[in-house]
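Contents: one structure, followed by commentary.
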Amino acid sequence: MKRLKFIVLIMLIPLLAFTLHKYYISLTKIDFIEEKKSVQITMRFFIDDIETTLGNRYQTKLELGTENENKEADIFLEKYISQKFKIRINDELENFIYLGKEYENDVVFFYLEISNIEKITNIEIQNNMLFEDFPEQENYIKTKINGLKKILVLIKENDKEMLKY
């Protein structure tokens, strides 16, 4: 009987190791709406990952998505995003407008917009969000520009990529 328990335990350890491993990923969707001359950006992050990084960076608790949410959460979030997420369109660094956030289960969505974009011939995206606390973080970027869909994966060692159209 002891031997059976030992064998079962040995078989369970690898399975538990895979289920306990946490993946550090984000998804950013970038759409160029030509008729509105607008680049619309939606970012998706796990709430606990954002809270960890911003808590460490600004020495504050955000408590996102709770009734105790920090009243200055949007200020900290906008500041962090503007420091860690950069877009150059047609070789010009663009400023985005932080429109806000919303929650779905354990995920927070951020909404950004860049206005007055006539056309896009190239776009350079840099996203090094969360790398300071999670070196294995992967930031996926899905673009839909000029009718073409492209996907990038940015990692700590390569946090910037250019696409040409």
Among (1) among the hydrophobic types (A, V, I, L, M, F, W, C); (2) within 19 Å of K144 (Cβ to Cβ); (3) touching a helix residue (DSSP H, G or I) at 6+ places or on another chain (Cβ under 8 Å), where does V108 come up short? (2)
Take the residues in the stretch 123-154 that are β-branched (V, I, T) and surrounded by 14 or more Cβ atoms within 10 Å (Cβ to Cβ), then tell me which one is nearest to the chain's Cα centre (by Cα). I141
Hey, among the residues in the stretch 113-165 that are hydroxyl-bearing (S, T, Y) and part of a strand (DSSP E or B), which one's farthest from K36 (Cα to Cα)? Y140
Count - residues of the stretch 22-72 that are free of Cβ contacts under 8 Å to residues at least 40 places away in the same chain and surrounded by 15 or more Cβ atoms within 10 Å (Cβ to Cβ): 6
Output the residues belonging to the stretch 66-100 that are in contact with a helix residue (DSSP H, G or I) (Cβ under 9 Å, 6 or more places away or on another chain) and either among the hydrophobic types (A, V, I, L, M, F, W, C) or at pLDDT below 95 (or both). A73, F76, L77, F96
How many of the residues in the stretch 40-68 are over 12 Å from the mean Cα position of the chain (by Cα) and not polar (S, T, N, Q)? 12
How many residues are in a strand (DSSP E or B) and either exposed (fewer than 13 other Cβ atoms within 10 Å of the Cβ) or at positive phi (or both) when one looks only at the stretch 100-112? 3
In the stretch 96-149, what count of residues is obtained for those that are closer than 20 Å to N56 by Cβ and among the basic types (K, R)? 1
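Here's the yes/no breakdown for (1) more than 15 Å from the chain's Cα centre (by Cα); (2) closer than 24 Å to E132 by Cα:
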residue: N70; (1), (2): yes, yes
residue: D74; (1), (2): yes, yes
residue: L77; (1), (2): no, yes
residue: I81; (1), (2): no, yes
residue: K84; (1), (2): no, yes
residue: I89; (1), (2): yes, no
residue: E92; (1), (2): yes, no
residue: L99; (1), (2): yes, no
residue: V107; (1), (2): no, yes
Which ones in the stretch 125-165 are of a type in the set (K, R) and in contact with a strand residue (DSSP E or B) (Cβ under 8 Å, 6 or more places away or on another chain)? K142, K144, K149, K150, K160, K164
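The values are calculated or read from the model by the stated rules, or taken from the named source; none is laboratory data. Just so we're clear, the structure is a prediction, and the values are computed from it rather than from any experiment. Note: ideal-geometry Cβ built from the backbone for every residue, glycine included; neighbour counts use all protein chains shown.
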